[in-house]
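One structure below.
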Amino acid sequence: MAQQYRFAAAEIADEAFRPKAISLVLAGGVVSAVFGAEVAKWSRDLFEPVLFAGCYALILVLFLASAVLLYFVELPRPSTPVLAGGGRPLREIAMEPSFIAAVVAGMIAYGVMSLVMTATPIAMLDCGHEFAAAAFVIQWHSLGMFAPSFVTGHLITRLGLTRIMLTGAVLLLLCSLINLSGLATFNFWAANVALAGGTSVGLLTDVHGRVIHHRRRPIAGLYASGTVAAATEQGIGYQAGLSLASAMTFSYLAVRHMIDGP
């Protein structure tokens, strides 16, 4: 359900408000990065002696609050799509070098991100660090995930997609080197900031997977999904299943849009 928040903001807003709507959704991700870690620190001992029960209880409250708010949102019914036909077959698209490069880049970025980010809090506690220190590290990692989305489109337009992807690869390598250099809080913090920069310099997309220009309009013929797209819809948490589901769902939607036309 959370995947659709940003799409609803972009799709049902009028032209004048649409850029602001997308920016507000991105800003919500930044707020969640700060808010989530602070809530975790405050609620972990709320129901002692059951550790972290308070965190799960507050997550439930937040989801219920979201459901209540969404109940009052009136979304227009989508019109029946008209299939244009005549597009390239999926097999031909999948054999394109650019398609293969995007898939490989997404696999590497997600593999490194899921290993390091998911293991970091557990590793820090196992190394004797306080829970507050682990929350601080994840807080900065989450900020690094969301904040670049404001400028990624402009950077790609200015520097080119290849340079941005290579920058991400360098940051992932830097993350690995920092992690291997020590177990201090600074090492965990710096590695996760570099990790966020390497995996989250993603492309903002619409409901069809079309990449959004920095002027907030779709770029014809350019699509992105999974970890190649900007992470604007989720907050702090373990993202394994969500990321895989996102990649499969929006890759399918993007390819259908390529084949069927607008």
| remark: Two pseudo-spin positions, 7 Å from Cα along C-beta at residue 176 and at residue 14, lie apart in nanometres by 5.2 nm
| message | What distance in nm lies between label points placed 7 Å from Cα along the C-beta direction at residue 92 and residue 27? | response | 4.5 nm
| task | Taking the Cβ of each residue in 163, 210, 256 as the centre, tally the other Cβ atoms inside 10 Å and list the residues starting with the fewest. | result | 163, 256, 210
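Mind sorting 41, 20 by how few other Cβ atoms lie within 10 Å of their own Cβ, fewest first?
Ordered by Cβ neighbours within 10 Å, fewest first: 20, 41.
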| Among 107, 145, 124, which comes first, second and so on when ranked by fewest other beta-carbon atoms within 10 Å? | 107, 124, 145
| query | Can you give the FRET efficiency for residue 118 and residue 58, using 1/(1 + (r/R0)^6), R0 = 30 Å, r = Cβ-Cβ distance, to the nearest 0.05? | reply | 0.90
| Taking the simple approach of a point 7 Å from Cα along Cα-to-Cβ for both residue 74 and residue 155, what is their distance in nm? | 4.1 nm
| Between residue 127 and residue 66, what FRET efficiency comes out of the Förster formula 1/(1 + (r/R0)^6) with R0 = 35 Å and r the beta carbon distance, rounded to 0.05? | 0.50
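Any read-out appearing in this document is the output of simple, stated calculations on the displayed coordinates, not a laboratory observation. Because the structure is a prediction, the values reported are computed rather than measured. In this analysis, Cβ positions are derived from the backbone assuming ideal geometry, glycine residues included, and neighbour counts consider all displayed protein chains.
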